[in-house]
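Beneath this line is the structure, given in structure tokens, with notes to follow.
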Amino acid sequence: MSARPRPRRAARHRVEYAFLRAVAAVCALLPEVLADRAGALLGWVVARVGRPRWDVVSEHLRMAFPERDERWRRAVGRRCYAHLGAEAVAMFRLAGMGTRALRERTSVVGIELLQAAAREGRGVVVVSAHLGNWEVGGAAVIARGCP
């Protein structure tokens, strides 16, 4: 049997969810460049004010870059949060993007191989470097009819 969430935590989660839904709605109305910048700004503000998991971020940066000073690591950490904010906005926008728009904005090299495998009922293993926005890559493959 699972434990029920504490009322205070559950209320906080509802507020966070409502806030994220509002951000998603606003970002859907903004031009893409402005939405990206707004997301980056929001991520930067979260890093400065809320600092969620900042202790983990700081420790990982300290382990990865022991030769760098704390000021440099804080700046990198804030930029990571800014990037995370911009990527979150990209995901919000992806959720509202239609299949046609997604196909127009993306290309998938080798898609014909995946489509042929799907037609034949065969599975495939896709191997890729973790570069760019791989979530959009997955959506682009699905938008082209591959399960």
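Quick look at the numbers
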quantity: Only listed residue being in the same structural domain as ALA22 (by TED's automatic domain parsing), modelled with pLDDT of 90 or more and of a type in the set (D, E, K, R), chosen from ARG103, ARG53, ARG73, ARG48; calculated: ARG73
quantity: Criterion violated by LEU61 - all others in (1) surrounded by 17 or more Cβ atoms within 10 Å (Cβ to Cβ); (2) under 20 Å from CYS27 (Cβ atoms); (3) without any contact (Cβ under 8 Å) to a residue 40 or more places away in the chain satisfied; calculated: (2)
quantity: Test result for CYS80, surrounded by 14 or more Cβ atoms within 10 Å (Cβ to Cβ), out of contact with any Pro (no Cβ under 6 Å at 6 or more places or on another chain) and assigned to a loop (DSSP other than H, G, I, E, B); calculated: no
quantity: Long-range neighbours under 6 Å by Cβ, at least six apart or interchain, first residue within 7 Å of VAL89 (Cβ to Cβ) and in contact (Cβ under 8 Å) with a residue 24 or more places away in the chain within region 30-41, second of a type in the set (Lys, Arg) and surrounded by 12 or more Cβ atoms within 10 Å (Cβ to Cβ); calculated: none
quantity: Test for ARG14: is it within 24 Å of ARG78 (Cα to Cα) and free of Cβ contacts under 8 Å to residues at least 12 places away in the same chain; calculated: no
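The values are calculated or read from the model by the stated rules, or taken from the named source; none is laboratory data. Bear in mind that the values here come from a model prediction, so they are computed numbers and not experimental data. Using ideal geometry, Cβ is built from the backbone for each residue, glycine included, and neighbour counts are taken over all protein chains shown.
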